[in-house]
Structures are given as C-alpha cells and as structure tokens.
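Reviewing the structure listed below.
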Amino acid sequence: MRTSRRRWGPASAAVAAIVGVGVIAGCGGAIEGTAQQNDSQAAEYAAEATSSSVAASSSQKAAAERDALVEQCTMFVNRAGDTIDSYNAFIDAANADAADTGAKASAAAAALRAAADGANAATPTLPAELTGLLTDYANNYRELATAVDGGQRGDILNTLASRGDELSDSIRAACPTS
C-alpha cells in the first residue's frame, strides 16, 4: 500500500499550532517578587573586567617596549656595520701606506665617535644588560677613536678593535631578532 505525503502536512501543521499556543500560554504569567542585585556576582564581574583590562594594557605596553627595543637594536647593527666599514678602510689605507691614510683615519675616528654617541643615546630606554654592554661599547669606541686620531698603530688598535668586536657580538646576542 502506498502512503501519501500529503496526509502528514496538515497533521504536522496542527501539531505545530497546538505546541505554539502552549508555549505562548506558558510564558504569559507574571512572576511575583522584587528584582535584587546579586552583589557578589557584580563584584566578581567588576574584578574580572578590571583584571582583563589591566592584562590587555600590560600586553600592549610590553609589545610597544619590545618594538622599541627591536628598533634600537636594528639601528645599532646598521650603525655598527657602517662604522666597521669606515675603520676597515682606514686600516687598509694604513697597511698600504696610502696617501689618503690621514683622511681615512679622520673619517674612521668620526664614525667611531658617532657610533659611541648613538650607543649612549639609546641606553636610557633599554634593559640593564644592554645598557651596560652599550656603555662599554661606547667607551671602547671612543678610546679607539682617540688612538686612531693619535696615530697609534699595531697592537693597541688590534686590541681595541677586537674588544669592540666582542662587545658588538654580545650586543647582537642580547638583542631580540624581530
């Protein structure tokens, strides 16, 4: 025997109408009583909202500080590369007894002092570890600049330049990568 789907349509509609009337009738009654604030829940909610706000603010501050640190470290690395290039040009000229050794010595000394000034300028905003390293780096590069300006050659320059390389490597290791 074959059943028709049409028969179920009107029956389903009738059941839905009865259920709908029951739901509407069930929600129609008034509730007796007085609304009262739940003070403990309100205090708990306020504490959670404050805690969440403080955490978000702290997270934003930490991200901004890290971005500033990355920026300072990037500037240091770029400046250090330029300084080393200038110093190496002086050393090449001095080793070759080139006519422009004096001019390259002056340029190297100026670059070393500029790098030292840049390192000192960054220190107030950096963590203590980096501040100490940058201060040592600045002092070393000023001493190296004075030696270059004074016409020093050989061991004194090699010792100061090696110390500068060690400090530069330590600073790079202490800096975040991105």
- Message: Given the whole protein assembly as supplied and a 1.4 Å probe, what does the accessible area of residue 117 come to in Å², nearest 10?
- Response: 90
- Item | For residue 73, solvent-accessible area (1.4 Å; no DNA, RNA or ligand), Å² | 10
- Can you pull the one-decimal nm distance between simple spin-label points at residue 37 and residue 146, each 7 Å off the Cα toward Cβ? 6.9
- Note on the structure: Once both label points are put 7 Å beyond Cα along the C-beta direction, the residue 45-residue 174 separation in nm becomes 4.9
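The values are calculated or read from the model by the stated rules, or taken from the named source; none is laboratory data. For clarity, every value in this text was computed on a predicted model and none was experimentally measured. Glycine also receives a Cβ, built like all others from the backbone with ideal geometry; neighbour counts cover every protein chain displayed. Calculation scope for accessible area: heavy atoms of the full protein, side chains included, ligands and nucleic acids excluded. Shrake-Rupley method; radii C 1.70, N 1.55, O 1.52, S 1.80 Å.
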